[in-house]
Amino acid sequence: QVQLVESGGGLVQAGGSLRLSCAASGRTFSSYRMGWFRQTAGKEREFVAAIDVNGVNTYYGDSVKGRFTIFRNSAQNVMFLQMNILKPEDTAVYYCAAGRSSLLSLPSAYTYWGQGTQVTVSS
């Protein structure tokens, strides 16, 4: 069992930066692949980024490549999403997730989800 809690969301101007955190409980955090997704009202959950168990292999959605960075500290049971050069279209609720499937861009690959944190980017 893994419980996830996101933090770090807020209001930022376009071009600014935010760092989201995902704190995990449970002794098996290091054995899970982790991901970030985002969702706006009326739309499906969108893949943002994922990181493998080793913390080395990372994957990004096309809309955030080159601007966002995912990383994890398994010793401290925490994962981060560094978001730079934010755009108004990045506005969404951001969720972190944990799973063991290799299909990292699919929400169905993840077993555990956080409650989400709101990110709002003003133009």
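When region 63-82 is examined, which residues are found to be more than 15 Å from S17 (Cα to Cα), part of a strand (DSSP E or B) and of a type in the set (S, T, N, Q)? I'd like the intermediate steps shown before the answer.
Just the residues of region 63-82 that are more than 15 Å from S17 (Cα to Cα), to begin with: 63, 71-79.
Next cut, part of a strand (DSSP E or B) only: 71-73, 78-79.
Residue satisfying the conditions is N73 alone.
Looking at region 1-52, which of the residues that are among the hydroxyl-bearing types (S, T, Y), surrounded by fewer than 20 Cβ atoms within 10 Å (Cβ to Cβ) and within 14 Å of W113 (Cα to Cα) is farthest from the chain's Cα centre (by Cα)?
So the first thing to find is which residues in region 1-52 are among the hydroxyl-bearing types (S, T, Y), and the list is 7, 17, 21, 25, 28, 30-32, 40.
Those still in the list that are surrounded by fewer than 20 Cβ atoms within 10 Å (Cβ to Cβ) too: 7, 17, 21, 25, 28, 30-31, 40.
When the remaining residues are screened for being within 14 Å of W113 (Cα to Cα), the result is 7, 21, 25.
On the way: S7: 11, S21: 8, S25: 16 Å.
Taking the candidates together, the pick is S25.
What about V56, is it modelled with pLDDT under 95 and either surrounded by fewer than 18 Cβ atoms within 10 Å (Cβ to Cβ) or not in a strand (DSSP E or B) (or both)? Before the answer, list the steps.
Numbers: modelled with pLDDT under 95: yes; either surrounded by fewer than 18 Cβ atoms within 10 Å (Cβ to Cβ) or not in a strand (DSSP E or B) (or both): yes.
Considered against the rule, which asks whether it is modelled with pLDDT under 95 and either surrounded by fewer than 18 Cβ atoms within 10 Å (Cβ to Cβ) or not in a strand (DSSP E or B) (or both), V56 comes out as yes.
Here's the yes/no breakdown for (1) at pLDDT 95 or above; (2) over 19 Å from S105 (Cα atoms):
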site: L11; (1), (2): yes, yes
site: L18; (1), (2): yes, yes
site: C22; (1), (2): yes, no
site: R27; (1), (2): no, yes
site: S31; (1), (2): no, no
site: F37; (1), (2): yes, no
site: T40; (1), (2): yes, no
site: K43; (1), (2): yes, no
site: V48; (1), (2): yes, no
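Among the residues of region 102-116, count how many are open to solvent by less than 40 Å² (accessible area, probe 1.4 Å) and out of contact with any Ser or Thr (no Cβ under 6 Å at 6 or more places or on another chain). Talk me through it step by step, then tell me what you get.
Quick first cut of region 102-116, residues open to solvent by less than 40 Å² (accessible area, probe 1.4 Å) only: 104, 109-110, 114, 116.
Filter once more, so that each one left must be out of contact with any Ser or Thr (no Cβ under 6 Å at 6 or more places or on another chain): 104, 110, 114, 116.
The number of residues fulfilling the criteria is 4.
Can you pull out the residues in region 90-111 that are in contact with a Gly (Cβ under 7 Å, 6 or more places away or on another chain) and not hydrophobic (A, V, I, L, M, F, W, C)? Step through it out loud before you land on a result.
First, the residues of region 90-111 that are in contact with a Gly (Cβ under 7 Å, 6 or more places away or on another chain): 93-97, 104, 109-111.
Answer for region 90-111, where residues must be in contact with a Gly (Cβ under 7 Å, 6 or more places away or on another chain) and not hydrophobic (A, V, I, L, M, F, W, C): Y94, Y95, Y110, T111.
Inspect region 83-93 for any residue being part of a strand (DSSP E or B), open to solvent by less than 60 Å² (accessible area, probe 1.4 Å), on the phi < 0 side of the Ramachandran plot and not aliphatic (A, V, I, L, M) and give the result as yes or no.
Checked region 83-93: no residue is part of a strand (DSSP E or B), open to solvent by less than 60 Å² (accessible area, probe 1.4 Å), on the phi < 0 side of the Ramachandran plot and not aliphatic (A, V, I, L, M).
The values are calculated or read from the model by the stated rules, or taken from the named source; none is laboratory data. As the structure is a computational prediction, the values presented were derived from the model and not from experiment. Cβ: placed from backbone, ideal geometry, glycine included. Neighbour counts: every protein chain shown. Surface areas here come from the heavy atoms of the whole protein model, side chains and all, with no ligands, DNA or RNA. Shrake-Rupley method; radii C 1.70, N 1.55, O 1.52, S 1.80 Å.
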